[in-house]
Amino acid sequence: MADDCIFCRIAAGESPAQIVYEDDTVFAIMDIFPWAEGHTLVIPRTHAPTIWDISQDDAAAVIRAAHKLAPGLRDAVGAEGMNLLQSNGRAAWQQVDHFHLHLIPRWEGDPLVQPVSPAAGDMEAIEGTAGKIKKALSGA
């Protein structure tokens, strides 16, 4: 537990939250700064700031819980779609330094907009980056 972490304090029962799901590994709460009705956060109980810090078991538990929650969340708010968003580091919009997954219900015509428009990339650059990733994964 990180004493200065709001999610750790919620997990310990020291801070209030609207908990909609919990098990031994994760819990899910309503986001208090929602982007849409039903915006829910799935959070591991064990403190891990980012994807680079979380254990594989806890990461898998977050996804399992999201999979379990998604149908009920969709049905509760009548969502037509759902975004799953997970941010790591300030450059990626992370605001709480404890890994968490956003479940954001969506509707056609809602006010949320796609942050960028997809455009074809430079295939040589894509190939070069793929090579760098493969090299990094192989430990070479």
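The values are calculated or read from the model by the stated rules, or taken from the named source; none is laboratory data. This structure is a prediction, so every number in the text was calculated from the model and none was measured. Using ideal geometry, Cβ is built from the backbone for each residue, glycine included, and neighbour counts are taken over all protein chains shown.
Every residue, every condition in (1) modelled with pLDDT of 95 or more; (2) among the hydrophobic types (A, V, I, L, M, F, W, C); (3) out of contact with any Phe, Trp or Tyr (no Cβ under 7 Å at 6 or more places or on another chain); (4) closer than 21 Å to ILE51 by Cα, yes or no:
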site: ALA79; (1), (2), (3), (4): yes, yes, no, no
site: LEU84; (1), (2), (3), (4): yes, yes, yes, yes
site: PHE99; (1), (2), (3), (4): yes, yes, yes, yes
site: TRP107; (1), (2), (3), (4): yes, yes, yes, no
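When the test is whether a residue is touching a Lys or Arg at 6+ places or on another chain (Cβ under 9 Å), surrounded by fewer than 20 Cβ atoms within 10 Å (Cβ to Cβ) and assigned to a loop (DSSP other than H, G, I, E, B), ASP24 passes it.
If the requirement is being under 15 Å from the mean Cα position of the chain (by Cα), surrounded by 13 or more Cβ atoms within 10 Å (Cβ to Cβ) and on the phi < 0 side of the Ramachandran plot, which of these qualifies: ALA79, ALA61? Break it down stepwise before answering.
Values: ALA79 fails: under 15 Å from the mean Cα position of the chain (by Cα).
Going through ALA79, ALA61 in turn, the sole match is ALA61.
Here is a yes/no grid of residues against (1) part of a strand (DSSP E or B); (2) crowded, with 16+ Cβ neighbours inside 10 Å:
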residue: ILE54; (1), (2): no, yes
residue: LEU69; (1), (2): no, yes
residue: GLN94; (1), (2): no, yes
residue: LEU103; (1), (2): yes, yes
residue: GLN114; (1), (2): no, no
residue: ALA120; (1), (2): no, no
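Selection over the stretch 27-52 of residues that are surrounded by fewer than 17 Cβ atoms within 10 Å (Cβ to Cβ), out of contact with any helix residue (DSSP H, G or I) (no Cβ under 7 Å at 6 or more places or on another chain) and part of a loop (DSSP other than H, G, I, E, B) gives a count of 8. For the stretch 42-49, the criterion of being touching a strand residue (DSSP E or B) at 6+ places or on another chain (Cβ under 8 Å), under 30 Å from LEU137 (Cβ atoms) and hydroxyl-bearing (Ser, Thr, Tyr) is satisfied by no residue at all.
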